[in-house]
Amino acid sequence: MSLQVQQGEFVSLIGSSGSGKSTLFKLLAGLHEPTVGTIDIADVPQGQRLGRVAYMPQKDLLLSWRTVMENCMLPAELAPGRQDKDKLRADIIAGLARFGLSGYEQAYPDELSGGMRQRVALLRTLLTGGQLMLLDEPFGALDALTKRQMHRWLLELWEGFGQTVLFITHDIEEALLLSDRIILLTPGGKASSCGR
């Protein structure tokens, strides 16, 4: 497979189960290394993707025993020395305000709605600081109304931060709404692309 994404582009990947979408994300995030070929990401040294690419899997993966603030601090704890913790706390408070979550810093995940949990998980993903953000069906478990609100919110966020986004979805309507370009993956690693 050969795939090129431009900086600041929002690209959706669609395809049937087993076509390799999630595997591709794990490779891009550095959770797996390719057995053949190379992955080149601007400003990320070869073989050093882990912790430098923002990755949000399907489930929010918030730690139930940690508050919203503590969950958002996790990227800094996993990559010590890469971020000033006082600045990060200030960024988290500002991010929570921007994401409509002011006052929830000390709340635990089970005190939040599904949409609120997804916003916290997305904020935590943004705080990794990577210019490439991988979102693996982040809104798949949400009801239709909450999903539409999250779409608007994600587009506003993307326009404000200017990050490159790769977005996995099974929802063609969602892909058309959000993306600059859509890539269709088929079993066997073939990809075809279409843009606006």
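The values are calculated or read from the model by the stated rules, or taken from the named source; none is laboratory data. Since the model is a prediction, treat every value here as computed from it, not as a measurement. Every residue, glycine among them, receives a Cβ derived from its backbone with ideal geometry; neighbour counts consider all protein chains shown. SASA here: full protein model, heavy atoms, side chains in, ligands and nucleic acids out. Shrake-Rupley method; radii C 1.70, N 1.55, O 1.52, S 1.80 Å.
Please enumerate the residues belonging to region 128-151 that are of a type outside the set (A, V, I, L, M, F, W, C) and at pLDDT 80 or above. Gln131, Asp136, Glu137, Pro138, Arg148, His151 - these are the residues of region 128-151 that are of a type outside the set (A, V, I, L, M, F, W, C) and at pLDDT 80 or above.
Can you say whether Leu31 is hydrophobic (A, V, I, L, M, F, W, C), closer than 20 Å to Phe139 by Cβ, exposed (fewer than 15 other Cβ atoms within 10 Å of the Cβ) and at pLDDT 80 or above, as far as the supplied structure shows? Quick ask: steps written out before the conclusion?
On the way: hydrophobic (A, V, I, L, M, F, W, C): yes; closer than 20 Å to Phe139 by Cβ: no; exposed (fewer than 15 other Cβ atoms within 10 Å of the Cβ): yes; at pLDDT 80 or above: yes.
No; evaluated as a whole, the condition is false for this residue.
Can Gly37 be described as at positive phi, of a type outside the set (A, V, I, L, M, F, W, C) and either within 18 Å of the chain's Cα centre (by Cα) or surrounded by 11 or more Cβ atoms within 10 Å (Cβ to Cβ) (or both)? Show your work before the answer.
Details: at positive phi: yes; of a type outside the set (A, V, I, L, M, F, W, C): yes; either within 18 Å of the chain's Cα centre (by Cα) or surrounded by 11 or more Cβ atoms within 10 Å (Cβ to Cβ) (or both): no.
So Gly37 fails the test.
Number of residues in region 93-135 that are under 19 Å from Glu159 (Cα atoms) and open to solvent by less than 70 Å² (accessible area, probe 1.4 Å) equals 23. When region 136-182 is limited to residues that are small (Gly, Ala, Ser), open to solvent by 20 Å² or more (accessible area, probe 1.4 Å) and not in a helix (DSSP H, G or I), the one that is farthest from Gly30 (Cα to Cα) turns out to be Ala141. Go through the residues of region 60-75 one by one and say whether even a single one is out of contact with any Phe, Trp or Tyr (no Cβ under 7 Å at 6 or more places or on another chain), closer than 22 Å to Val5 by Cα and of a type outside the set (S, T, N, Q). Checked region 60-75: no residue is out of contact with any Phe, Trp or Tyr (no Cβ under 7 Å at 6 or more places or on another chain), closer than 22 Å to Val5 by Cα and of a type outside the set (S, T, N, Q). The conditions of being at pLDDT 90 or above, open to solvent by 30 Å² or more (accessible area, probe 1.4 Å) and basic (Lys, Arg) are met by Arg66.
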